[in-house]
1. With Glu51, Glu44 as the choices, which residue is assigned to a helix (DSSP H, G or I), closer than 24 Å to Ser142 by Cβ and acidic (Asp, Glu)?
2. For segment 158-198: of the residues being within 16 Å of Met235 (Cα to Cα) and not in a helix (DSSP H, G or I), which is most open to solvent (accessible area, probe 1.4 Å)?
3. With of a type in the set (Val, Ile, Thr) and near the ligand (Cβ under 10 Å from one of its atoms) as the only criterion, which of Ile68, Ile123 stands out?
4. All but one of (1) away from the ligand (no atom under 16 Å from the Cβ); (2) surrounded by 14 or more Cβ atoms within 10 Å (Cβ to Cβ); (3) not basic (Lys, Arg) hold for Tyr82; state the number of the condition that does not hold.
5. With the requirement that a residue be under 20 Å from Pro199 (Cα atoms) and not in a helix (DSSP H, G or I), what does segment 271-292 give you?
6. Pull up segment 202-231, narrow it to residues that are modelled with pLDDT under 95 and of a type in the set (Asp, Glu), then point me to the one that is farthest from Gln17 (Cα to Cα).
7. Does Leu227 count as more than 10 Å from the ligand (Cβ to nearest atom) and in contact with a helix residue (DSSP H, G or I) (Cβ under 6 Å, 6 or more places away or on another chain)?
8. Among the listed residues Lys155, Lys230, which satisfies the condition of being surrounded by 16 or more Cβ atoms within 10 Å (Cβ to Cβ) and of a type in the set (Lys, Arg)?
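The values are calculated or read from the model by the stated rules, or taken from the named source; none is laboratory data. Quick caveat, the model's predicted, so the values are computed rather than measured. Cβ sites come from the backbone with ideal geometry, for glycine too, and all protein chains shown count toward neighbours. The accessibility values were calculated without ligands, DNA or RNA, using every heavy atom of the protein model including side chains. Shrake-Rupley method; radii C 1.70, N 1.55, O 1.52, S 1.80 Å.
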Amino acid sequence: QREAIGSDFDALIAADQRIEPRDAMPDTYRETLIRQIAQHAHSEIIGMQPEGNWITRAPSLRRKAILIAKVQDEAGHGLYLYSAAETLGVDRQELLDRLHDGKQKYSSIFNYPTLTWADCGAIGWLVDGAAIMNQVPLCRCSYGPYARAMIRVCKEESFHQRQGFEILWTLMRGTEAQQAMAQDAADRWWWPALAMFGPPDTGEAAKGGHTEQSMAWGIKRFSNDDLRQKFVDMMVPQAEKLGIVLPDPHLRWNEERGHYDFGEIDWDEFWQVLRGDGPCNAERIEHRRRAHDEGAWVREAANAYAAKQTIRENE
Ligand code: FAQ
């Protein structure tokens, strides 16, 4: 019986077709997806915090309205993704417990602070830029609910990236102090944005990694380093347009490769952040736990309402 199920799954993957929740799938495929989708969902909701920090201090009513909409979009992405994870048979509450207990990760990038308004520009431009580069291929992920969720998420991320670019564009055409603020934000966010794509494909870190298996299953379509390279190639001309100097002396066009060469990422810092020792890890989790506890009454009210509706429908 199990073998027959296995061969159906393999045939669907070989034909590059979608696996749906009702289909049989190997436990390891299910677990990999739960891990990745949950980590992605957690990143979206923890990712609301760095920019949320600037809602009360946005420099104009227009900027405030845009920022509120963007942060709200991130909440929406989180909800989509938790729903996608639930189709794999895991409960949303359990995933949140795992986040709050530090048993599941969220993206390293959200453990860095937003020190000035320009950081909102840098997050939109670099972090959403990296997110799109990573997530567009996920629209073709072999797991149907995840792939479909990514379509709208990517459209919204694309708007987010443009608004970040536009914040920096405005600052770069402002006073000297504003230009310096934009440059400083880019200096601080560039390297953490490159690390978002995950550890390198080769060397020690790659040994324990998931890329090979995830690519064989059609979950990941590109390796971490391939996506990182595409991101660098996309961002260099944008930085030139902005007049921002990317903080990497090794960045230069390589005619032979047809790509930009770039410097070494500080992987020690990356692993340190993943271990919980980044600049804002404790603050992010503490804030998330508090928000969850303070929202308990909303969940209770929603459950009570849903229970009443069910009784009414059955009357
Ligand atoms: N941070 O073997 P791999 C956003 C972990 S965008 C933390 O390469 P995999 C939008 C990895 O889990 C950000 N941990 O793993 C937004 C694994 O550890 P484990 C979220 C990381 O899964 C913008 C280990 O390292 N996007 O939120 C990171 O095949 C602005 C080995 O790594 C997604 O999650 C990292 N950066 O590939 C919101 C996209 N990188 O679990 C607000 C979906 C790696 O074995 C504002 N996810 N690790 O203990 C993916 O595409 C993949 O999961 C990767 C990692 C590419 C992130």
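1. That would be Glu44, the only listed residue that is assigned to a helix (DSSP H, G or I), closer than 24 Å to Ser142 by Cβ and acidic (Asp, Glu).
2. That would be Met196.
3. Ile123
4. (1)
5. Those that are under 20 Å from Pro199 (Cα atoms) and not in a helix (DSSP H, G or I): Gly278, Pro279.
6. Glu204
7. no
8. Result: Lys230 is the single residue among Lys155, Lys230 that is surrounded by 16 or more Cβ atoms within 10 Å (Cβ to Cβ) and of a type in the set (Lys, Arg).
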